[in-house]
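Q: One structure coming up, written as structure tokens, with questions to follow.
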Amino acid sequence: MRSRANEFSERYQHNFSVLATPAEGLSGKFTAKDRKTFGELPGITDKIYYTNSNHVPVYYKCSPRHKARIEGPYHELTRGGHIFYVEIDGDATHNPQAISDIVDLMDSNNIGYCSVNHNRNRCMKCGYEDSQEHLDICPKCGSSDIDKLQRITGYLVGTTDRWNSAKLAELSDRVVHK
Ligand SMILES: [Zn+2]
């Protein structure tokens, strides 16, 4: 695809490029259409979402190093845009070394863009913050108005209220990369 885009760039004197799609709209819509046409195929249409571009599936348990080694080569081919992300457990706010290690990984695997995902909960009533995986009630004031900061396909979001069902299914399948 990259060579084809290069050919077209030469031929038409325009900048064509390949983009690794973030899949917000495509993720659910295409899967439903393909399931209708081809039926439920194991590992392909058996979930309600498609894996983002050339990513290792979100439910696949592996280390950040392994993930970088697989996804890195595609960044050179998708110069229109791409993202590598790592889900880490715990709180990265006070662990700059964890972030630094991931930046080193990017460097050694020729990765162009990266995000580090970790939980961040904030009580909207009293301001209490932590990084627990499931926080529904504030331990300080008892409020259930908890803002859960998460990242999906490159955007920071406070709540998942506006995510489509396909992306919600993807979120619940995500595993931490250790
Ligand atoms: Zn609170």
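The values are calculated or read from the model by the stated rules, or taken from the named source; none is laboratory data. Here the structure is a predicted model, which means the values were calculated and not measured. Positions of Cβ are backbone-derived with ideal geometry, glycine not excepted, and every protein chain shown enters the neighbour counts. Areas reflect the complete protein model, heavy atoms only, side chains present, ligands, DNA and RNA absent. Shrake-Rupley method; radii C 1.70, N 1.55, O 1.52, S 1.80 Å.
Q: For GLN97, all conditions in the list (1) under 28 Å from ALA169 (Cβ atoms); (2) surrounded by fewer than 18 Cβ atoms within 10 Å (Cβ to Cβ) hold save one; what is the number of the exception?
A: Of the numbered conditions (1) under 28 Å from ALA169 (Cβ atoms); (2) surrounded by fewer than 18 Cβ atoms within 10 Å (Cβ to Cβ), the odd one out for GLN97 is (1).
Q: Could I ask something else about it? Checking VAL103 against (1) touching a residue at least 60 places away in the same chain (Cβ under 8 Å); (2) open to solvent by 30 Å² or more (accessible area, probe 1.4 Å), only one condition comes out false. Which one?
A: Against the list (1) touching a residue at least 60 places away in the same chain (Cβ under 8 Å); (2) open to solvent by 30 Å² or more (accessible area, probe 1.4 Å), VAL103 comes up short only on (1).
Q: Oh, and also: If you go through segment 108-138 one residue at a time, how many are under 19 Å from the mean Cα position of the chain (by Cα) and under 13 Å from PRO64 (Cβ atoms)?
A: Adding up the residues that qualify gives 7.
Q: Further, regarding this structure: Write out, first by first residue and then by second, each pair whose Cβ atoms fall under 6 Å of each other, whose residues are 6+ apart or on separate chains, and whose first residue, in segment 113-134, is under 22 Å from PRO96 (Cα atoms) while the second is within 16 Å of the ligand (Cβ to nearest atom) and among the hydrophobic types (A, V, I, L, M, F, W, C).
A: Correct list of pairs: ARG120/LEU149; ASN121/LEU135; ASN121/ILE146; TYR128/CYS138.
This table checks each residue for (1) under 30 Å from ASP145 (Cβ atoms); (2) surrounded by fewer than 18 Cβ atoms within 10 Å (Cβ to Cβ).
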site: THR45; (1), (2): no, no
site: ILE48; (1), (2): yes, yes
site: ASP89; (1), (2): yes, yes
site: ASP107; (1), (2): no, yes
site: ASN121; (1), (2): yes, no
